[in-house]
Every structure is written in structure tokens, then in C-alpha cells.
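Asks: My structure is below; once you've seen it, I'll send some questions.
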Amino acid sequence: MNTLYLSLFGNIRVIHNHQQSDMTHTTQALLAYLVMQRHRKHPRKLLAGMLWGDTSEERAQAALRTALWRLRLVLEPEGTPRGTYLMGQAREVGFNRASKYWLDIEIFEDQITALLNCPVSAMYEDDAVLLEETLALYTADLLEGFYEDWVISERERLHHLYLNGLQHLMLYYRQNDQAEKSLECGRRILQRDPLQEAVHRDMMRSYAEIGQRALAIRQYEICRTALTSELNIQPMDETQALYARLLADENTPQDSSNLGDALLQLDHAISQLDKAQAQLQLAIRNVERLRGHQANKDSRLEKIQK
């Protein structure tokens with residue numbers, strides 16, 4: 001059986017038997033809902049009311065039957081056993097998760113969630129590569145062109161997950177002295193959400209660490225402009241203090257005491273200390289876990305000897 005490829009980021013795409021299928025908007029909506037809510041079956045009455053709620057119940061049920069028929073033509077054409085992808089009973093319909101399929105939002109969510117549960121300080125290079133590859137699945141927002149409530153809530157949730165993944169990757173690159181990659185992650189975040197002040201600060205620090213203080217100061221101005229124009233507020237005290245340190249260094253002659261550099265070095269050292277403390281806690285938990293295993297093993301051995 002060939003794999004069914006489903007993509008819901010951007011415009012919905014369905015590739016089956018190596019061919020991309022065209023569907024009406026309502027048929028696409030029905031498929032999208034079934035795969036997004038793939039963990040359970042759905043009453044036909046609920047589906048009809050959700051997708052055709054502005055018509056009578058009789059017409060809604062008829063429209064659902066037509067949409068399901070069209071959907072089966074795409075997913076289960078002649079030669080494909082009925083129920084391979086669509087599990088339909090008299091009163092319920094669901095997507096068959098036991099089938100052979102590839103779904104971009106499922107892979108994205110599973111892998112991003114697992115990687116976010118790994119502290120930045122405990123990440124390896126392979127984890128960063130996998131995180132980059134996973135973020136690349138997010139080619140656009142979920143189901144562009146659909147504005148139903150159930151789509152909008154999922155769109156916002158996945159968008160938030162995408163930004164969290166980018167910020168996780170940004171911190172990993174910064175802690176591993178890959179400033180340019182960290183800055184690129186920051187730019188990608190701010191393109192979608194220019195009000196994330198913590199990201200602006202991290203970019204200011206990264207610019208300063210590679211000797212680009214003018215760009216660090218410019219980043220502050222970008223941050224201040226975004227906050228004042230959108231929210232009519234000033235940057236946080238922490239952001240303004242970092243800006244003041246950058247200005248102090250910018251205005252200090254090269255042959256005099258470089259207080260700005262010293263303060264930035266202190267800021268970087270604190271960041272590295274946080275990383276070291278996180279690694280220490282991870283090592284302590286690992287030792288405690290191994291000691292617990294050893295104690296249980298010794299206890300079982302002692303019982304056997306008795």
C-alpha cells in the first residue's frame with residue numbers, strides 16, 4: 001500500500017499514489033478536521049452541523065454524505081479497500097490512524113514537543129539539526145484560507161509552538177558560540193512576532209559579543225519602535241540597562257578603561273554560569289538515578305541471598 005501524504009501547513013495538499021488530488025473547499029475542510037482530530041471518531045450529526053450549520057439538518061446531512069463520497073474517491077479509489085483511511089459507520093466517521101500515512105503537523109508537533117523537553121544545556125549538535133529540520137516543516141501557517149474557529153485555535157497553537165522551537169534553537173546556538181546562527185533564528189522570530197522583547201535582548205547580546213555594537217544599539221531602536229508603535233510602552237528596565245551598557249562602551253575611547261566591555265563580559269559570564277548550573281543539576285539527577293538503581297539491585301540481591 002502506497003503512503004498517503006497529507007500537508008496542512010499553508011494550502012492543504014494530498015498526494016496519493018504519487019498524484020496530487022484536487023478537492024472542493026468543503027471536502028478539504030472535512031478531511032482537515034478528521035486528520036486534526038484523528039484520535040477519535042466523530043458523530044455524523046456533529047460534522048454536518050459544524051461544516052454546514054447554516055442550513056437545515058436534512059441538507060447538512062446530505063452535504064456531508066456528498067463530501068464523504070468525494071473524499072473516498074480521493075483516499076480510497078478503486079482497488080483500495082474501504083476503511084483503509086476512512087472509518088465510517090452509520091453514525092460516526094473517523095480517520096484511520098493505523099493506515100500508512102505521513103502528516104506534516106503530526107511530525108512537527110511530536111518532534112518539537114520532544115525537543116523542547118530537552119534543556120538547551122543538554123542538547124547535542126544532532127538535536128539542533130533535528131530541530132532545524134522539524135522547523136522547516138512549518139512552511140506557512142496552518143490551513144491558509146480557512147477561517148473557522150476550530151482552525152484558528154489550532155493555527156495559533158502551532159504558531160506558538162513554532163516560535164518556541166525557534167527560540168530554543170536560538171538559545172542553543174548562542175550558548176554554543178554560534179552567534180550568526182543565533183541571530184538568524186532571532187530574525188525569523190521577529191518577522192512573525194516583533195514584540196518579543198527577550199529575543200531583541202538576546203540579539204543585542206549576540207551582536208555585542210561579535211563586536212557589532214552599532215548593530216546591537218540599532219536592535220534596541222528596532223525593539224523600542226515596535227513596542228511604542230504597537231503597545232505604546234517603553235522597553236523593560238532590563239532591556240534599557242543593556243542598552244545603557246552598550247552606549248557606555250560605544251562612547252568610551254579605545255585607550256581608556258573599557259567599562260562597557262567589562263559589563264558585557266559579566267553579562268556573558270552570567271549566561272555561561274546559568275548553563276553550567278543547568279548541566280550540574282542534570283549530572284546530579286543522573287547520579288541520583290543511578291544510585292537508586294544500584295540500591296534496588298543490592299536490595300534484590302540481599303533478598304535472594306537470604
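The values are calculated or read from the model by the stated rules, or taken from the named source; none is laboratory data. Treat the numbers as computed from the prediction; the structure is a model and nothing was measured. Neighbour counts run over all protein chains shown; Cβ positions are idealised from the backbone, glycine included.
Asks: Between 34, 51, which is without any contact (Cβ under 8 Å) to a residue 40 or more places away in the chain and crowded, with 17+ Cβ neighbours inside 10 Å?
Replies: 51 is the lone residue from the list that is without any contact (Cβ under 8 Å) to a residue 40 or more places away in the chain and crowded, with 17+ Cβ neighbours inside 10 Å.
Asks: When the residues of region 169-196 are narrowed to those that are among the acidic types (Asp, Glu) and not in a helix (DSSP H, G or I), which ends up farthest from residue 111 (Cα to Cα)?
Replies: Residue satisfying both the conditions and the ranking: 177.
Asks: From the set of residues in region 10-26 that are surrounded by 14 or more Cβ atoms within 10 Å (Cβ to Cβ) and under 22 Å from residue 98 (Cα atoms), which is nearest to the chain's Cα centre (by Cα)?
Replies: Ranking the candidates gives 12 first.
Asks: Moving to a separate point now. Evaluate region 213-231: report whether one residue or more is within 19 Å of the chain's Cα centre (by Cα) and over 30 Å from residue 36 (Cα atoms).
Replies: No; the residues of region 213-231 include none that is within 19 Å of the chain's Cα centre (by Cα) and over 30 Å from residue 36 (Cα atoms).
Asks: Next question. Tell me whether region 69-92 contains one or more residues that are part of a strand (DSSP E or B) and charged (D, E, K, R).
Replies: Yes - at least one qualifying residue is present in region 69-92.
Asks: Going by the conditions given, is residue 128 at pLDDT 95 or above, surrounded by fewer than 14 Cβ atoms within 10 Å (Cβ to Cβ), in the same structural domain as residue 170 (by TED's automatic domain parsing) and not aromatic (Phe, Trp, Tyr)?
Replies: Judged against the criteria, residue 128 is not a match.
Asks: Got at least one residue in region 147-168 being closer than 24 Å to residue 104 by Cβ, of a type in the set (Gly, Ala, Ser) and assigned by TED's automatic domain parsing to the domain that holds residue 121?
Replies: yes
Asks: Among the residues of region 139-157, write down those that are loosely packed, with under 12 Cβ neighbours inside 10 Å, assigned to a loop (DSSP other than H, G, I, E, B) and of a type outside the set (Ser, Thr, Tyr).
Replies: The answer is 140, 145.
Asks: Right, here's the next one. What do you reckon, is residue 63 closer than 24 Å to residue 152 by Cα, over 33 Å from the mean Cα position of the chain (by Cα) and part of a helix (DSSP H, G or I)? Break it down stepwise before answering.
Replies: Working: closer than 24 Å to residue 152 by Cα: yes; over 33 Å from the mean Cα position of the chain (by Cα): yes; part of a helix (DSSP H, G or I): yes.
It is true that residue 63 is closer than 24 Å to residue 152 by Cα, over 33 Å from the mean Cα position of the chain (by Cα) and part of a helix (DSSP H, G or I).
Results for (1) among the small types (Gly, Ala, Ser); (2) under 22 Å from residue 102 (Cβ atoms), shown as yes or no for each residue.
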| site | (1), (2) |
| --- | --- |
| 31 | no, yes |
| 35 | no, yes |
| 41 | no, yes |
| 45 | no, no |
| 48 | yes, no |
| 69 | no, no |
| 79 | yes, yes |
| 87 | no, yes |
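Asks: Something else: Within region 89-105, which residues are closer than 27 Å to residue 9 by Cβ and free of Cβ contacts under 8 Å to residues at least 60 places away in the same chain? Before you say what the answer is, go through the steps one by one.
Replies: First, pick out the residues of region 89-105 that are closer than 27 Å to residue 9 by Cβ: 93-105.
Scanning region 89-105 gives 93, 96, 97, 98.
Asks: With respect to residue 115, determine if the residue is assigned to a strand (DSSP E or B), at pLDDT 95 or above and closer than 30 Å to residue 133 by Cβ. Give the derivation first.
Replies: Values: assigned to a strand (DSSP E or B): no; at pLDDT 95 or above: yes; closer than 30 Å to residue 133 by Cβ: yes.
Against the criterion (assigned to a strand (DSSP E or B), at pLDDT 95 or above and closer than 30 Å to residue 133 by Cβ), residue 115 does not qualify.
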